[in-house]
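Novice: Submitted below is the structure of interest, expressed as structure tokens.
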Amino acid sequence: MTPTAWFIVAFVVADLMVALIVVRGFTKSMFGDLAEAYPPVEPGDLQHDRRAQSFSMGLLNFGFSVRMRLDERFVHLAPEPWVFWTGMPKASIPIDKVKATGRARKSWIAHSFEIDSDRSHIELRGPKWLWVMLNTDMAS
């Protein structure tokens, strides 16, 4: 290989490593608080088990990257295998802590949710079916 080709390969590899570090840092800083406040627990009898769900929080958008399990007490979030490298931690959020607030801005699919923990107030956007289910449960 020519020196120019080696330089290009080295530049691309270095660029990918920097991108990985930045993405992992953002993921840990945004989803880390959520996982710290609500560590993962084993799911009970599942009402829903959906793969490739989309969630976003702040600048991070995990499109088709989150496995969501729902039982009678928790909303369980876990990264799909193909995005495990981002460092997204697993979390089990009690249903009574999740509040469906409305449609996300600039989106006809995603809906807004708020999660109140003892340490922080977290806003995220997720699938419409969860929003509808939480509002239906609240109304009944």
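Novice: Can you name the condition, by its number, that M57 falls short on among (1) closer than 21 Å to L130 by Cα; (2) out of contact with any helix residue (DSSP H, G or I) (no Cβ under 6 Å at 6 or more places or on another chain)?
Specialist: That leaves (2) as the condition not met.
Novice: Taking the stretch 79-94 as the region of interest, how many residues are surrounded by 15 or more Cβ atoms within 10 Å (Cβ to Cβ) and more than 11 Å from P39 (Cα to Cα)?
Specialist: Going residue by residue through the stretch 79-94, those that are surrounded by 15 or more Cβ atoms within 10 Å (Cβ to Cβ) are 79-80, 83, 86-93.
Now narrow it down to the ones that are more than 11 Å from P39 (Cα to Cα): 79-80, 83, 86-88.
Residues in the stretch 79-94 being surrounded by 15 or more Cβ atoms within 10 Å (Cβ to Cβ) and more than 11 Å from P39 (Cα to Cα): 6 in total.
Novice: Sort out which residues of the stretch 29-63 are among the aromatic types (F, W, Y), within 10 Å of the chain's Cα centre (by Cα) and outside any helix (DSSP H, G or I), and write them in order of number. Break it down stepwise before answering.
Specialist: Residues of the stretch 29-63 among the aromatic types (F, W, Y): 31, 38, 55, 62.
The next check asks that each one be within 10 Å of the chain's Cα centre (by Cα); those that pass are 31, 55, 62.
Within the stretch 29-63, F55, F62 qualify.
Novice: If the Cβ limit is 8 Å and pairs must be 6+ apart or interchain, which residue in the stretch 58-80 that is under 19 Å from G25 (Cβ atoms) and in contact (Cβ under 8 Å) with a residue 12 or more places away in the chain pairs with which residue that is of a type in the set (V, I, T) and part of a strand (DSSP E or B)?
Specialist: P79/V66
Novice: Name the residues in the stretch 25-78 that are over 22 Å from K99 (Cβ atoms) and among the polar types (S, T, N, Q), would you?
Specialist: Passing the criteria: T27, S29, S65.
Novice: Is there any pair with a first residue in the stretch 1-20 that is over 19 Å from V83 (Cβ atoms) and a second that is assigned to a helix (DSSP H, G or I) and at pLDDT 95 or above whose Cβ atoms are under 8 Å apart and which are 6 or more apart or on different chains, and what are they?
Specialist: From the stretch 1-20, the pairs are M1/V9.
The values are calculated or read from the model by the stated rules, or taken from the named source; none is laboratory data. As the structure is a computational prediction, the values presented were derived from the model and not from experiment. Note: ideal-geometry Cβ built from the backbone for every residue, glycine included; neighbour counts use all protein chains shown.
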